[in-house]
Amino acid sequence: MPNSVVIHGKYAYVSNEGGRPASSEDFTNDSDGTAIVVDRKDAFTLTGTVSIVDLEAGKEVKAIKVGLHPAGMTISGSNLYVANAYSDSLSVIDLNTGSVTRTINLSVPINDGVFGSGPNGVAVTGDGRAFVTLGQANAIAVINLSGRDTNPVIGYIPTAYFLLPSPMTPARKQLAVADDKGLGSQGSMGRLRAYPTSIHIRTRVWST
């Protein structure tokens, strides 16, 4: 179940939200004809991977284990950054070694961390900061990638309802934020409002 793809040289990196291929010993659930390794009780996916595909050879050469439901990705320098929606984390992969060198926790910052932020996209700036869209938390997490702090999240930018992976415009120092479910509930509970499928907001989010 591929979700996103980025290209680096002759390789494509594909996030597989369904995780690794199932074996005969695994308990699985069918997803449009594909057997997905899932939990026996609650049927949630148990693995997440990123495939490295050799574009010249036309085949996968390696699968890297990351968090659950890997979604949006970006490449900056020699690193690949992967947002893991069902693990509330960001995986950092060294492109030279093809291995995960760091996993950053992105749980909702309530009561020392609550599961359910739903990171689904990431953008990285040249000054060592990452901006991760948290679809279920309606915010963008700002991460200091410099150093090895235990908790490198330095702040949150509030958005509207369920934001999607957001492209960055480095020249203008802006993020373009798309909110999949609009502005959310507004006004009286007794009134029915139609929600737009997306709201595009340009917000200046870091200083010069």
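Return the residues of the range 42-69 that are in contact with a Phe, Trp or Tyr (Cβ under 9 Å, 6 or more places away or on another chain), part of a strand (DSSP E or B) and of a type outside the set (Val, Ile, Thr); say none if nothing qualifies.
Hits for the range 42-69 are 51, 54.
If you take the residues of the range 164-176 that are touching a residue at least 40 places away in the same chain (Cβ under 8 Å) and outside any loop (DSSP other than H, G, I, E, B), which of them is nearest to residue 76 (Cα to Cα)?
For the range 164-176, the residue satisfying everything is 168.
Six or more apart or on different chains, Cβ atoms under 6 Å: show the pairs whose first residue is in the range 5-31 and loosely packed, with under 14 Cβ neighbours inside 10 Å and in a strand (DSSP E or B) and whose second is at pLDDT 95 or above and not aromatic (Phe, Trp, Tyr).
Matching pairs, first to second residue: 5/12; 5/14; 8/75.
Against the conditions (1) in contact with a Ser or Thr (Cβ under 9 Å, 6 or more places away or on another chain); (2) of a type in the set (Lys, Arg); (3) under 27 Å from residue 136 (Cα atoms), where does residue 41 fall short? Just the number, please.
Evaluating residue 41 over (1) in contact with a Ser or Thr (Cβ under 9 Å, 6 or more places away or on another chain); (2) of a type in the set (Lys, Arg); (3) under 27 Å from residue 136 (Cα atoms) leaves (1) as the failure.
If you go through the range 67-76 one residue at a time, do you hit one that is more than 25 Å from residue 8 (Cα to Cα), among the hydroxyl-bearing types (Ser, Thr, Tyr), open to solvent by 10 Å² or more (accessible area, probe 1.4 Å) and touching a residue at least 24 places away in the same chain (Cβ under 8 Å)?
no
Going by the conditions given, is residue 111 at pLDDT below 75 and open to solvent by 30 Å² or more (accessible area, probe 1.4 Å)?
yes
Does residue 103 satisfy the criteria of being open to solvent by 80 Å² or more (accessible area, probe 1.4 Å), among the hydroxyl-bearing types (Ser, Thr, Tyr), in contact (Cβ under 8 Å) with a residue 24 or more places away in the chain and assigned to a strand (DSSP E or B)?
yes
Being at pLDDT below 85, under 15 Å from the mean Cα position of the chain (by Cα) and surrounded by fewer than 17 Cβ atoms within 10 Å (Cβ to Cβ), is that true of even one residue in the range 115-136?
Within the range 115-136, one or more residues are at pLDDT below 85, under 15 Å from the mean Cα position of the chain (by Cα) and surrounded by fewer than 17 Cβ atoms within 10 Å (Cβ to Cβ).
In the range 154-163, what count of residues is obtained for those that are open to solvent by less than 30 Å² (accessible area, probe 1.4 Å) and either in a loop (DSSP other than H, G, I, E, B) or at pLDDT 95 or above (or both)?
Within the range 154-163, residues that are open to solvent by less than 30 Å² (accessible area, probe 1.4 Å) and either in a loop (DSSP other than H, G, I, E, B) or at pLDDT 95 or above (or both) number 1.
Just name the residue that is surrounded by the fewest Cβ atoms within 10 Å (Cβ to Cβ) out of those in the range 36-66 that are more than 23 Å from residue 102 (Cβ to Cβ) and touching a Gly at 6+ places or on another chain (Cβ under 7 Å).
Among residues in the range 36-66 that are more than 23 Å from residue 102 (Cβ to Cβ) and touching a Gly at 6+ places or on another chain (Cβ under 7 Å), the one surrounded by the fewest Cβ atoms within 10 Å (Cβ to Cβ) is 37.
How many of the residues in the range 113-134 are under 20 Å from residue 174 (Cβ atoms) and outside any strand (DSSP E or B)?
Total satisfying the criteria: 4.
The values are calculated or read from the model by the stated rules, or taken from the named source; none is laboratory data. Nothing here was measured: the structure is a model prediction, and the numbers come from that model. Note: ideal-geometry Cβ built from the backbone for every residue, glycine included; neighbour counts use all protein chains shown. Surface accessibility is based on the protein's heavy atoms, side chains included, excluding ligands, DNA and RNA. Shrake-Rupley method; radii C 1.70, N 1.55, O 1.52, S 1.80 Å.
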